[in-house]
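The values are calculated or read from the model by the stated rules, or taken from the named source; none is laboratory data. In this text the structure is predicted, and so the values were computed from the model without any measurement. Cβ: placed from backbone, ideal geometry, glycine included. Neighbour counts: every protein chain shown. These area figures cover heavy atoms from the full protein model, side chains too; ligands, DNA and RNA do not enter into them. Shrake-Rupley method; radii C 1.70, N 1.55, O 1.52, S 1.80 Å.
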Amino acid sequence: MRALFWLILSFALVGNFALLREAYAQVETPPEFSPEQLEFFETHVRPLLKAECYKCHSSHKQEGALRLDARALILEGGESGPAVEPGDPAASLLIEAVKREGFEMPPTKKLSDEQVAVLTKWVEMKAPWPDEEIEPIIDPFEEKIAAGQEHWAFQPVEPVPVPETKAPDWVSNPIDAFILEKLEANNMSPAAPADRAKLIRRVYYDLTGLPPSIEEVRQFVNDDSPAAYAELVERLLASPHYGEKWGRHWLDLVRYAESNSYERDDPKPFVWKYRDYVIQSFNEDKPYNQFIKEQLAGDELDPDNSAAIIATGYYRLGIWDDEPADKQLAYYDDMDDIVSTTTEVFMGLTFGCARCHDHKLDPISQQDYYSLLSFMRNVKRYGVRSPETVQAASISEIGTPEEKAQHQQEMQRYQAKLDEVQAELTAIAQPVVDQLQGVDKEEWQYENRRLDLLKKFSPQLISAEGVEQYAALITQQKELKASPPAGLEQALCVKEQGPDPLLTHILLRGNPGSPGDEVEPVRPAALAPFTPELEPIQARQNSTGRRASLAEWIASAEHPLTARVLVNRVWQYHFGRGIVRSSSNFGLAGESPTHPELLDWLANDFVEQGWSLKELHRRMLLSSTYQMSSAAREDYLDRDPLNNLFWRFNMRRLGAEEIRDSIFEASQNLTTTKLFGPSIYSYIPDEVKAGQSQPGKGWGDSTPFERYRRSVYIHAKRSLVTPILFSFDVADLDDSCPVRFVTTQPTQALGMLNSDLLTEQAESFARSLLETEQTISDEEIVETALERVLQREPSAEEVSRGVSFISRMQAERDMNHKQAVQSFCLLALNLNEFVYLD
C-alpha cells in the first residue's frame, strides 16, 4: 500500500495524469464498517490476533517484514505480499497460512477450526478495523533498557523495617519476622522446632561438612542451657573445617580445577595455593569485599601481600587450549570465560550472552560486554604452548618486601662468591690458555676437558701446585652451583602485558577477525544510574590499573547486586534454595525473590556488619526459621508444594564430598589433622583411568594417610574425576556451578554396594569394631556401628534387626563372624538416613 502511494506521488510529480488516474483507481477507499462488524472484530478477531500472531508480527517483532496489528499494514503485507484481500478469503495469504495450505502459521501449532472460521468470516466482511493510529516499531533492546530502569535487582539496597507479626514469641531475630509475616498473610504457621539430635547433625554438616560424634550429640541433647545452640554454632564457626566446607562452595562458583582440560589435561602449577587461600579466607572471616578485590586485582591493590597475589590465580582456573587452531579466537574464548564467570559469580548477571550480539533477555548490550572485557584486556594468556611460557605468563615469586630484600642480598652474595671462584680459575689457567693452539685450543671450550689440558702442560706451563689448586676450585664451584640460596615461594597468578592498555574493539558477531568500534572501560549502561562512579584508573608499573578500578566498583557497598547476590547464595546453601532461585541470574529473565524485603534486609545488614560472612551465618543459623523441623503437612503441601514460604525446613542429601568424608569417618579412617598443601590422589580403578586418552596420566599414588584426607584436597583433574564424587553430582569443573544437581540413579546404589572403595571401607569399619581390647557382643557392635553412621542412638528394634542380619549372614551365606560384621557395616553405609539430612 505504501509503495502504491509513492507510485502515485511520482506520477503526479512528473505530470503523467493518465497513469495517475489509473494508480488512484487501484487505491481502495477504506469502507465504513458497521458497529456490528467492529464489535465482531473486537470480540473475536483482535483477541485471536493478539494471542496467536502478535508475538512475531507486531510493533515488537516483524518476522518476514509482516505486521498484523494494523489494517493498513495487513493490506500492505510483508515479503510474500499482502496478507489479506478484503472480501476474498481464497486469495488471502493469511487464510491460506492458518489453514496450512502453503504457509503454516502459527508455526508451533494449528489453529482450531473455529478460529480459522473467525478469520475467514472477518476477511469476508472486508476486514473491519476501527480507525486508530499505527504504533511505531518498538526496539526490543530499548524495551529491555526501560524494564531495567524498574528492575528490582538494579535498585539501590535500602534499609528495610522489620515487620510486626501476630506471634512475636516465635521470632528469634529479624529473619523470622519476615518469614512469619508471609506465613501469617497466607494463614499458615511454621513447623515445630527440629529434634535436637537432628539439629546438631544439620548444623554440623552445614558448617563443617562433617558429622558430629555420638558423644557430641548426647552432650547437646542433654544440655538444657538456652545458650547451648548458640555456643555450638560458635564452636563450629571457629573450626578449621568450616573453611574447608565453605571454601568448597566458593570453588564450585569459580570453576576451580587443577588441570587444563583438552587432550593433554596437564596440571596447573601451584594452583592448590589458591584453594588454600580460599579456605584460609573463610576461616579468618576475611571481609567479603576484600575477598573480591584480592581475586580481581590483588596484584594491583596490594602487590606486597602474598595472599593477594595468590588470590589472582582466579584468572587461571579455566580451561586452556595449549594448541589452538585459531590463537586469537582461543584468547577471546579465555577472556569470555573470565568475563562470564566474574559477572555471574559477583553480580549475578549473564554478560556472556552478549559476546556476539545484544543480550536477548537483559539490558546488556554487546558494547557493555566489550567495555567490561576492556578492564581485563591486558591480561596475558595463561601460556602459549610449553611449560616455559606458562612460567613466564602465569607464575611469580611471592614474599613480603623484607623477604624479597633478604633473598636479593643472599643472591648477590652467592653470585659474588661464584664470580670470585671464577676469577681465581681464570687467573690460574690464563698462562696455559695463552699458549694453546690447534686442537688443544678448541678442546678448552669444554669445561670437562680443562683440567686434563692443564695436567698435559704441567709442569711446562703450570706447576703441579697450580693444577691441584685449579682442581680444588672446580670442586668448590660445582658445590656452589649445586646449592644456590633457596628461592622465594612461587604462585600461579595473573600477569599483564604492561601499563599501556591494549585497544579493545567490539567484535562483530564475536569474531576476532571482524573488529568494530573501539570501546573504553566504563560501567554497563543499564547499571550506570544505580552504581557508584568508577575509581580513577591509575596505571601501575606492570599493569594498567583497570582491574583495580573494576574490583573497587564491584566491591562497593553502593553496588546494588554484590551484597544481594552473596547473601542469597549463603541462604541457598543453608536453606536448600535461594530467596532468588536463579542464584547466578538476577537479570530480567531470572526468578523474582520470594521474600524481597528479607533479601534487602540481609544485604543491608551484611554490609553494615563489615561484610562478615560469619556474622551472616549467625543471623541465619540462630533464627527459628533455620531450626524448624522438616516435617510436612498435607494441607500445606497442597497449597505450597515447593515450600516457597519456608513453612518448614527443606531436607537435603549430603553432597558428594560429604558422603565420601562421612564414609571415611564411619570407618575411622578420615584424616582431619592435616590442612592445606599440595593436592592428594584418591584411589581410582584402572577401568576408570582407561577413559583418558593416556590412561592414568597425571594421576599419582598417595599414601593411605594422604588418600584419606578430606575430599576438598583431592587433585581436581578435569579428565579424571574420583568415581564416588562423580556419582553423587560433584560440580562440573569447566563452568561456574551455582547449584549442584541432586540426582537419584542406579550407579549410586551400585557404587555404594559394590565398589572397591566401599568394600575397603566396610572392611576397615568392621575391623575397628572387632579389634578391641575387650570382647563385645553383636548388640554392641550393631549399636556402635549405627551410632557412627546415623549420629544418634538406634532403637531397640534397629539393633535387633542388625543382630539378626549378622546371624543370617553366617547361617545362610556361610560367612564367618568377621565377614558377617563387614556385610552389616556395608549395609549401614547404604542406609538412606546416612546420606540425608532431616
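Calculate the FRET efficiency for Ser693 and Ala325 from the Cβ-Cβ distance with a Förster distance of 25 Å, rounded to the nearest 0.05.
0.90
Compute the acute angle (0 to 90°) between the alpha-carbon long axis of helix 140-150 and the principal axis of greatest extent of the alpha-carbon atoms of the chain; round to the nearest 10°.
70
Within 10 Å, count the other beta carbons around each residue, average over each peptide in 641-651, 610-620, and list them highest first.
Final packing ranking: 610-620, 641-651.
The stretch 100-168 to the stretch 610-629: how many Å between their Cα centroids?
For the stretch 100-168 versus the stretch 610-629, the Cα centre distance is 41 Å.
Classify the stretch 46-121 from the C-alpha gyration tensor, please: rounded if a/c falls under 1.5, else prolate or oblate depending on whether a/b exceeds b/c.
rounded
At 1.4 Å probe size, with no ligands or nucleic acids counted, give the accessible surface of Asp756 in Å², nearest ten.
Around 80 Å² of this residue is reachable by solvent.
Report, ordered by chain and residue number, the aspartates and glutamates lying within cross-link reach of Lys61, taken as a straight Cα distance under 16 Å and ignoring same-chain residues fewer than 8 apart.
Glu52, Asp69, Glu79, Glu135, Asp139, Glu142, Glu143, Asp358
Could you tell me which chymotrypsin sites (Phe, Trp or Tyr not before Pro) in the stretch 688-742 are loop residues by DSSP with no more than 10 other beta carbons within 10 angstrom of their beta carbon?
Passing sites in the stretch 688-742 are Phe741.
Full extension from Ala525 to Ala539: what is 0.36 nm times the residue separation minus their Cα-Cα distance, to one decimal in nm?
Full-extension gain reported as 2.6 nm.
At R0 = 60 Å, how high is the FRET efficiency between Arg808 and Gln415 if r is their beta carbon distance? Nearest 0.05 is fine.
Once the sixth-power term is evaluated, E becomes 0.20.
Consider a paramagnetic label point 7 Å from the Cα of Tyr262 along Cα→Cβ; state which residues of the stretch 385-399 have an amide N under 18 Å from it.
In the stretch 385-399, the label zone of Tyr262 (backbone N under 18 Å from the point 7 Å along Cα→Cβ) covers 385-395.
When a/c is below 1.5 the answer is rounded, else prolate if a/b is larger than b/c, else oblate, so apply that to the stretch 554-639 with a ≥ b ≥ c taken from the square roots of the Cα gyration tensor eigenvalues.
oblate
What chymotrypsin sites (Phe, Trp or Tyr not before Pro) in the stretch 262-313 are in a loop by DSSP, with at most 16 other Cβ atoms within 10 Å of the Cβ?
Tyr262
Just to check I understand the Karplus step: with θ = phi - 60° and J = 6.51 cos²θ - 1.76 cosθ + 1.60, what whole-Hz values come out for the stretch 196-213, glycine and proline as x?
So the J values, rounded to whole Hz, are 5, 5, 6, 5, 5, 5, 4, 6, 4, 5, 5, 9, 10, x, 10, x, x, 7.
For Glu143, Glu231, Glu300, what's the largest-to-smallest order of accessible area, 1.4 Å probe?
Glu231, Glu143, Glu300
Given the options Gln155, Ile145, Ala177, identify the residue whose Cα lies farthest towards the positive end of the charge dipole of the stretch 100-189 (+1 on Cβ of Lys, Arg; -1 on Cβ of Asp, Glu).
Ala177
Place the peptides 582-588, 827-833 in order of packing, highest mean first, counting for every residue the other Cβ atoms within 10 Å and averaging per peptide.
Output ranking for 582-588, 827-833: 582-588, 827-833.
As an exercise, identify the GluC sites (Glu not before Pro) in the stretch 331-403 lying in DSSP coil whose Cβ has no more than 10 other Cβ atoms within 10 Å.
Nothing satisfies the criteria.
Can you give the FRET efficiency to the nearest 0.05 for Glu143 and Val384, using r as the Cβ-Cβ distance and R₀ = 41 Å?
That pair, Glu143 with Val384, gives E of 0.40.
Mind checking the angle between helix 596-608 and the chain's longest principal axis? C-alpha axes, 0 to 90 degrees, to the nearest 10.
Roughly 40 degrees, rounded to the nearest 10.
For a test of the definition: using alpha carbon positions, the gyration tensor, and the 1.5 limit on a/c, classify the chain as rounded, prolate or oblate.
It comes out oblate by the Cα gyration axes.
Hey, if you put +1 on the Cβ of every Lys and Arg and -1 on every Asp and Glu Cβ in the stretch 705-791, which of Gln791, Thr747, Ala731 ends up farthest toward the positive end of that dipole?
Ala731
Checking the table Lys50/Lys144; Lys286/Lys689; Lys360/Lys717; Lys614/Lys697; Lys166/Lys245; Lys456/Lys478 against a 30 Å threshold on Cα-Cα, which pairs fail?
Over 30 Å Cα-Cα: Lys286/Lys689; Lys360/Lys717; Lys614/Lys697; Lys166/Lys245.
By DSSP, what percent of the beta bridges with both residues in the chain are antiparallel, rounded to the nearest 5?
Of those bridges, close to 90 percent are antiparallel.
If I model a spin label as a point 7 Å beyond the Cα along the Cα-Cβ vector, how far apart are those points for Glu779 and Glu634 in nm?
3.9
Would you calculate, for the chain, the mean residue ellipticity at 222 nm contributed by helices, counting each DSSP H stretch of 4 or more residues as -39,500 (n - 2.57) and dividing by all residues, to the nearest 500?
Calculated mean residue ellipticity at 222 nm is -14500 deg cm²/dmol.
By how many degrees, 0 to 90 and rounded to 10, does the Cα axis of helix 401-433 deviate from the longest principal axis of the chain?
50
Could you check how much of the accessible area of the chain is carbon and sulfur, as a whole percent, using a 1.4 Å probe?
52
For the stretch 86-219, state the semi-axes of the equivalent ellipsoid (square roots of 5 times the eigenvalues of the alpha-carbon gyration tensor), sorted largest first and rounded to whole angstrom.
62, 24, 18
For His407 and Asn644 in one chain, what is 0.36 nm times their gap in residues minus the Cα-Cα distance, to one decimal in nm?
Stretched fully, the His407-Asn644 segment lengthens by 79.4 nm.
Per residue, what accessible area does the chain have, given a 1.4 Å probe and all protein chains present, in Å²?
It amounts to 47 Å² per residue over the chain.
With just the Cα atoms defining each centre, how far is the stretch 245-270 from the stretch 677-749? Give it in Å.
Between the Cα centre of the stretch 245-270 and that of the stretch 677-749, the gap is 12 Å.
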